[in-house]
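See below for the structure under consideration.
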Amino acid sequence: MEKKEISAKYFFYPMPATLVGANVRGKPNYLTVAYCGMVNANPPFISVSLNKQHYTNPGIKENKTFSVNIPSADMAKITDYCGLVSGSKVDKSKLFDTFYGRLKTAPMIKECPLNLECKLLQSLELPLDEVFIGEIVAAYSEEQYLTDGRPDIKKIKPIVFSTNDKNYWKIGELIGQAWNIGKNFKPKHIGKNFKPKHIGKNFKPKHIGKNFKPKQ
């Protein structure tokens, strides 16, 4: 079936629903953020992109720290609420039980199954947003959300944000193990008119240079 060009405003699809935390004017503040993702594996770097108008931005710049909290599906309403109201008008520090880790200035949410404590490394100013890149200095969870010491997506039940219809979704069924299910994949012909040339046994090189004489 032929591809159809659609609006570029549908962005990267889908996205995670996270709660970014920062101390602002001496109080914890939390903001719903979908523009979030890993940008380096080792050391682990993460980026969050916030509109320049947000109340949270000055707190990240001042303290050089922030947190990324992963809410579960049963926290969908309060997660959405944090994106509807501004910390300049509503004291969102009272919405959650806040705790601090190594950095002492990156507020994290106890109710969230997974918390990432981040040290600000770099900020990038874009036309509408500011991108904050941080190093994850510590991660926190509870035994009930872990399997073999690692976060378990089935137990965490993270929220997925669908940008095109502006809805929240739950994670679906397991497909298979990454870097494993493709091992037995046998590709078919690539492209309708793809015709690979023979390379190897019947390869006949053309003459290279006028007086070129290959050795035996």
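The values are calculated or read from the model by the stated rules, or taken from the named source; none is laboratory data. Since the model is a prediction, treat every value here as computed from it, not as a measurement. Using ideal geometry, Cβ is built from the backbone for each residue, glycine included, and neighbour counts are taken over all protein chains shown.
Selection over the stretch 22-56 of residues that are under 20 Å from Val85 (Cβ atoms), among the small types (Gly, Ala, Ser) and out of contact with any strand residue (DSSP E or B) (no Cβ under 9 Å at 6 or more places or on another chain) gives a count of 1. You will find that of Glu117, Glu62, the residue that is of a type in the set (Asp, Glu) and assigned to a helix (DSSP H, G or I) is Glu62 and no other. Of all residues in the stretch 37-86, those satisfying the criterion of being among the polar types (S, T, N, Q) and more than 26 Å from Trp169 (Cα to Cα) are Asn40, Asn42, Gln53, Asn57, Asn63, Thr65. Restricting attention to the stretch 121-160, the residues that are over 18 Å from the mean Cα position of the chain (by Cα) and part of a strand (DSSP E or B) add up to 3.
To keep it simple, each residue is scored yes or no on (1) of a type in the set (A, V, I, L, M); (2) over 19 Å from Ala106 (Cα atoms); (3) at pLDDT 95 or above.
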residue: Met1; (1), (2), (3): yes, yes, no
residue: Glu5; (1), (2), (3): no, yes, no
residue: Tyr13; (1), (2), (3): no, yes, no
residue: Leu31; (1), (2), (3): yes, no, yes
residue: Lys52; (1), (2), (3): no, yes, yes
residue: Gly59; (1), (2), (3): no, no, yes
residue: Lys64; (1), (2), (3): no, no, yes
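Take Thr147 and decide whether it is more than 22 Å from Met15 (Cβ to Cβ), surrounded by 15 or more Cβ atoms within 10 Å (Cβ to Cβ), of a type outside the set (A, V, I, L, M) and in contact with a Lys or Arg (Cβ under 8 Å, 6 or more places away or on another chain). Criteria not met by Thr147. If only residues of the stretch 1-53 that are assigned to a strand (DSSP E or B) and among the small types (Gly, Ala, Ser) are counted, the one that is surrounded by the most Cβ atoms within 10 Å (Cβ to Cβ) is Gly21.
Filter the stretch 57-77 down to the residues that are out of contact with any strand residue (DSSP E or B) (no Cβ under 9 Å at 6 or more places or on another chain) and in contact (Cβ under 8 Å) with a residue 12 or more places away in the chain and list them by number. Working first, answer last.
Within the stretch 57-77, the subset out of contact with any strand residue (DSSP E or B) (no Cβ under 9 Å at 6 or more places or on another chain) is 74, 77.
Listed by number, the list holds a single entry, Asp74.
When Ser141 is tested against (1) at pLDDT below 95; (2) of a type in the set (S, T, N, Q); (3) surrounded by 10 or more Cβ atoms within 10 Å (Cβ to Cβ), just one condition goes unmet, and that condition is (1). Answer with yes or no whether Arg102 is on the phi > 0 side of the Ramachandran plot and either without any contact (Cβ under 8 Å) to a residue 40 or more places away in the chain or crowded, with 16+ Cβ neighbours inside 10 Å (or both). In short, no.
Working only within the stretch 54-74, note down all residues that are within 23 Å of Ile156 (Cβ to Cβ) and touching a Cys at 6+ places or on another chain (Cβ under 7 Å). Break it down stepwise before answering.
Kept after step one, since they are within 23 Å of Ile156 (Cβ to Cβ), are these residues of the stretch 54-74: 66-74.
Listed by number, the residues that qualify are Phe66, Ser67, Val68, Asn69, Ile70, Pro71.
For the stretch 105-124, taking the residues that are in contact (Cβ under 8 Å) with a residue 12 or more places away in the chain and more than 24 Å from Ile78 (Cα to Cα), the one that is surrounded by the most Cβ atoms within 10 Å (Cβ to Cβ) is identified as Leu120.
Annotation note: Cβ proximity below 7 Å between a residue of the stretch 162-187 that is among the small types (Gly, Ala, Ser) and a residue that is at pLDDT 95 or above (sequence gap 6+ or interchain) occurs for Ser162/Trp169.
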